[in-house]
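K.L.:
First the structure, then my questions, so here it is.
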Amino acid sequence: MKNYSVFDILGPIMIGPSSSHTAGAARLGKVARGIAGEDFKAVTFYLHGSFAKTYKGHGTDRALVAGVLGMETYDERLRNALFIAKDMGIDIKFIETDLGDEHPNTVNIEFEKKDGSKISVQGASIGGGNIIINKIQGDSVEFTGTNPTLIIKKYDLKGSINTITSIIAESDINIGMMKVTRQGKGKEGLMILETDSKITDEIVEKIEKVDGVISVRAINPV
Amino acid sequence: MYNYGYEMLQLAKEKNVRLCDIVIENEVKLTEQSVEVVREKMGRNLDVMMDSAKYGLENDVKSVSGLIGGDAKKLEEYRKNGKTLCGDVIVKAMARALSCSEVNAAMGRIVAAPTAGSCGIMPAAIITAAEVLGADREKMIDALFTASGIGQIIGKNATFAGAEGGCQAECGAAAAMAAAGIVEMAGGTPEMALHAASIALKNILGLVCDPIAGLVEAPCAKRNSSGTVNAMTSAELALAGIKSIIPFDEMVETMYRVGKALPEELRETAMGGIAVTPTGIKLRKQIFGE
């Protein structure tokens, strides 16, 4: 039985009207921004299920944009996020679509970076403002953004997992969850770790130097 | 730690303290933060609640869809004319609940208590009771802890999600939480607080979640207003020494069981209840331009 904090019951402080369609959407946007980086010029939101059907009435569109702009769920600028993005020269698009057998509150967020590259992050708002990120660049992942998270893209090399977890342990950080996937033996794969404390730039830099590592992203909680 | 109402009650009896003290102690242990930090955090919730309960009394709020708004102000003006049936206290509380719901629907700032859809009941009941009782800020914070403790039990043993348990899980939970909070605020015993929570749940048992166009607007705002009255009258019964025949823990279990027995159409899908009345459908088409 989960031992709820009183603030899981009373809270969050948020911009209405819906914890799943507004607060959760803003958190999805913010975590996606953490993954994609801040140097983007355009964002396309592919809305699925209930998100596609009711996004205007629930302000899901404004909340998602507020999130990708880095706003918190309680930021009163949230309701003007569409205008704020326009003022910043960021091109925003919403496309109602069917993403297949996904949670009804799912969105795939595609960022177009200033250098023309694209990165997509897919996640779902699963109730009470809680979220789950389930795809990055089409690769299946699963994390909530509640804990500091490391997403490491790397080749499947013997011993690399050990090297990476040692770097984290040396920094006195505990790993709460770890998931490793790969496209095949020796091929590209993903390593996702949730930790109990903040992931510093220093750790990221050290892991970047490990043999076979392609990229490292650290997402500290939003 | 406690998982049930009877456990909370036992702890309060052993230590000869109120429910809020038990809840605060548990929170301090759980989060490894000081009593001061935890109280201050709750204080921030109270500040947002007070703002959202007041804003709609003074301003014409319009929801994003345009479906609701302006009713809190209308009711407050009506109350000020001095000829209400229910009296100042109840009508003021109703207006405050409407205010929170309207602020929520207009993309203003609220505290989910326990959900955004039921965000008006706790602020309205607690602020209004504090006004009547002359209770200060610290006492209001105490009441919010008592209420949260009741919420913890409901969260552990049932649900707050309209999609799972219908409106009774949202507005019912909020009313039960608020009722217990104001009972302790008024000097009632922990037992009385649980009786109040129990009565409040019983009063709303089986209420469906049937939002027009799927939006957190109608009937949500008015159910917040009636949920507040439910909380206050349940508290009043308990304070008079009237007991709930069914104990609190059994009421929580019942609410959950009844919620699961509701057909899916009546659990936040906008496929049943008032959402599919000719008027409900017409409004949905208008709002989404279908």
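The values are calculated or read from the model by the stated rules, or taken from the named source; none is laboratory data. Everything numeric in this text was worked out from a predicted model, so none of it was measured. Positions of Cβ are backbone-derived with ideal geometry, glycine not excepted, and every protein chain shown enters the neighbour counts. We work out accessible area using only protein heavy atoms, side chains counted, and drop any ligands, DNA or RNA first. Shrake-Rupley method; radii C 1.70, N 1.55, O 1.52, S 1.80 Å.
K.L.:
From the list B:Glu32, B:Glu25, which residue is at pLDDT below 95 and open to solvent by 60 Å² or more (accessible area, probe 1.4 Å)?
P.N.:
Details: B:Glu25 fails: at pLDDT below 95.
Residue meeting the stated conditions: B:Glu32.
K.L.:
I'd like to verify a number: residues in the range A:1-49 that are farther than 18 Å from A:Ile126 by Cα and more than 12 Å from chain B (Cβ to nearest Cβ), how many?
P.N.:
Counting residues in the range A:1-49 that are farther than 18 Å from A:Ile126 by Cα and more than 12 Å from chain B (Cβ to nearest Cβ) gives 12.
K.L.:
Another question, then. Please enumerate the residues belonging to the range B:49-63 that are touching a residue at least 24 places away in the same chain (Cβ under 8 Å) and surrounded by fewer than 23 Cβ atoms within 10 Å (Cβ to Cβ). Lay out the reasoning, then the answer.
P.N.:
Of the residues in the range B:49-63, the ones touching a residue at least 24 places away in the same chain (Cβ under 8 Å) are B:49-57, B:61-63.
Passing the criteria: B:Met50, B:Asp51, B:Lys54, B:Tyr55, B:Leu57, B:Lys62.
K.L.:
Against the definition (open to solvent by less than 30 Å² (accessible area, probe 1.4 Å), within 14 Å of another protein chain (Cβ to nearest Cβ) and without any contact (Cβ under 8 Å) to a residue 60 or more places away in the chain), how does B:Ala178 come out, yes or no? Don't jump to the end; show me each part of the working.
P.N.:
On the way: open to solvent by less than 30 Å² (accessible area, probe 1.4 Å): yes; within 14 Å of another protein chain (Cβ to nearest Cβ): yes; without any contact (Cβ under 8 Å) to a residue 60 or more places away in the chain: yes.
The answer is yes for B:Ala178.
K.L.:
Another question about this same structure. From B:Tyr78, B:Tyr55, grab the single residue that is aromatic (Phe, Trp, Tyr) and either touching an Asp or Glu at 6+ places or on another chain (Cβ under 7 Å) or within 14 Å of another protein chain (Cβ to nearest Cβ) (or both).
P.N.:
Of the residues listed, the single one that is aromatic (Phe, Trp, Tyr) and either touching an Asp or Glu at 6+ places or on another chain (Cβ under 7 Å) or within 14 Å of another protein chain (Cβ to nearest Cβ) (or both) is B:Tyr55.
K.L.:
Then there is this: Does at least one position in the range B:190-210 carry a residue that is among the β-branched types (Val, Ile, Thr), within 22 Å of B:Met232 (Cβ to Cβ) and open to solvent by 10 Å² or more (accessible area, probe 1.4 Å)?
P.N.:
Residues of the range B:190-210 among the β-branched types (Val, Ile, Thr): B:199, B:204, B:208.
Keeping just the survivors that are within 22 Å of B:Met232 (Cβ to Cβ) gives B:199, B:204.
So of that shortlist, the ones also open to solvent by 10 Å² or more (accessible area, probe 1.4 Å) come out as B:199, B:204.
Looking for residues that are among the β-branched types (Val, Ile, Thr), within 22 Å of B:Met232 (Cβ to Cβ) and open to solvent by 10 Å² or more (accessible area, probe 1.4 Å), one finds at least one in the range B:190-210, hence yes.
K.L.:
Moving on to the next point. Find the helices (runs of 4 or more DSSP H) located wholly in the range B:104-171 whose residues include 3 or more that are open to solvent by less than 10 Å² (accessible area, probe 1.4 Å), more than 12 Å from every other protein chain (Cβ to nearest Cβ) and among the hydrophobic types (A, V, I, L, M, F, W, C), and list them. So that I can check it myself, show each step before the final result.
P.N.:
Working: elements: B:121-133, B:137-157, B:162-165.
Correct list: B:121-133.
K.L.:
Can you confirm whether the range A:122-138 contains a residue that is crowded, with 22+ Cβ neighbours inside 10 Å and of a type in the set (Ser, Thr, Tyr)? Quick ask: steps written out before the conclusion?
P.N.:
Initial filter on the range A:122-138 (crowded, with 22+ Cβ neighbours inside 10 Å): A:122-125, A:129, A:131, A:133, A:136.
Add one more test, that the residue is of a type in the set (Ser, Thr, Tyr), and what stays is A:125.
Within the range A:122-138, one or more residues are crowded, with 22+ Cβ neighbours inside 10 Å and of a type in the set (Ser, Thr, Tyr).
K.L.:
Oh, and also: Out of all the residues in the range B:65-88, which are buried (at least 22 other Cβ atoms within 10 Å of the Cβ) and not hydroxyl-bearing (Ser, Thr, Tyr)?
P.N.:
Restricting attention to the range B:65-88, the residues satisfying the condition of being buried (at least 22 other Cβ atoms within 10 Å of the Cβ) are B:65, B:68-69, B:72, B:75.
B:Ile68, B:Gly69, B:Ala72, B:Leu75 - these are the residues of the range B:65-88 that are buried (at least 22 other Cβ atoms within 10 Å of the Cβ) and not hydroxyl-bearing (Ser, Thr, Tyr).
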